[in-house]
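Here's the structure we're looking at; comments come further down.
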Amino acid sequence: MITSDQACGSFTTEVPWPSLWKFAQFAYIAEQYGYRYAGLDPELRGSGTPFFIFRRLPDAHERAARTREQFPGALERGRLPGMRAWPVPVLTLPETRGEVKLWHARIVIDYYGALGRQRMRPWLIGIPMVFLLFLLMNGELHATGLRVAAGMVSALLIALTASRIFMRRRRAAHERLLERSGVRWPP
């Protein structure tokens, strides 16, 4: 068991919120307590889910003490560093928005990069096979059923391809933002 004085050197998490922006806010707050977002966990790159690693900073103890002093009720639903007061949702203060935006760009680059590495071949084979199996199970294996299934397969594959194109464009936009800000990512 780890006590508060024996904080671990790093921790790994997947995105626990439905929004990468919320995860970027978390990364900003974690840094205030002495943990810096360090990208994808290299040991878990082969998993189907992107896992992100936070590493303990050398001055983590001092940072955490300073943050606890400035925001004494943060862990009891009080005001968080760089965020507005608690009523949900947590909103970023204007003076920290730029920094949270840079954390968001790093996270998006890593997240979309991990999703972009996933192979499309299983989807290209799996989706039509599922529809064909569905038609066989329901006794609808005739011309009309095949046309409907082909249309649905086409729509799903177009949506999948469009999402890939969207992710690549968003990733490129975030890379340009980091480049303009002088941030070299990935480290």
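Condition first: touching a Gly at 6+ places or on another chain (Cβ under 9 Å), modelled with pLDDT of 90 or more and of a type in the set (G, A, S). Can you find one or more residues in the stretch 13-29 that meet it?
Of the stretch 13-29, the ones touching a Gly at 6+ places or on another chain (Cβ under 9 Å) are 25, 28-29.
Filter again for modelled with pLDDT of 90 or more, leaving 25, 28-29.
Now drop any that are not of a type in the set (G, A, S), which leaves none.
Within the stretch 13-29 (the criterion being touching a Gly at 6+ places or on another chain (Cβ under 9 Å), modelled with pLDDT of 90 or more and of a type in the set (G, A, S)), the answer is no, since none of the residues qualifies.
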Worksheet item: Does the stretch 136-148 contain at least one residue that is in contact with a helix residue (DSSP H, G or I) (Cβ under 6 Å, 6 or more places away or on another chain) and either modelled with pLDDT under 85 or among the polar types (S, T, N, Q) (or both)?
Response: yes
Fill in: Qualifying position, being in contact (Cβ under 8 Å) with a residue 60 or more places away in the chain and open to solvent by less than 80 Å² (accessible area, probe 1.4 Å), among Y37, Y33
Y37
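Okay, residues lined up against (1) part of a helix (DSSP H, G or I); (2) of a type in the set (D, E, K, R); (3) open to solvent by 60 Å² or more (accessible area, probe 1.4 Å); (4) farther than 30 Å from G98 by Cα:
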position: F134; (1), (2), (3), (4): yes, no, yes, yes
position: G145; (1), (2), (3), (4): yes, no, no, yes
position: M152; (1), (2), (3), (4): yes, no, yes, yes
position: L156; (1), (2), (3), (4): yes, no, yes, yes
position: I165; (1), (2), (3), (4): yes, no, yes, no
position: R170; (1), (2), (3), (4): yes, yes, yes, no
position: W185; (1), (2), (3), (4): no, no, no, no
Worksheet item: When residues of the stretch 81-126 are filtered for being among the β-branched types (V, I, T), within 18 Å of the chain's Cα centre (by Cα) and either modelled with pLDDT under 85 or open to solvent by 30 Å² or more (accessible area, probe 1.4 Å) (or both), how many remain?
Response: 1
Worksheet item: Would you say T67 is surrounded by fewer than 18 Cβ atoms within 10 Å (Cβ to Cβ) and modelled with pLDDT under 95?
Response: no
Item to complete: Working only within the stretch 172-183, note down all residues that are aliphatic (A, V, I, L, M) and not in a helix (DSSP H, G or I).
Response: V183
Practice prompt. Quick one: P58 ticks every box in (1) in a loop (DSSP other than H, G, I, E, B); (2) exposed (fewer than 13 other Cβ atoms within 10 Å of the Cβ); (3) at pLDDT below 90 except a single one, so which number is it?
Written response: (3)
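The values are calculated or read from the model by the stated rules, or taken from the named source; none is laboratory data. Please read these numbers as outputs of a predicted model, since none were measured by experiment. Every residue, glycine among them, receives a Cβ derived from its backbone with ideal geometry; neighbour counts consider all protein chains shown. Keep in mind that these areas ignore ligands, DNA and RNA; they rest on the heavy atoms of the full protein, side chains included. Shrake-Rupley method; radii C 1.70, N 1.55, O 1.52, S 1.80 Å.
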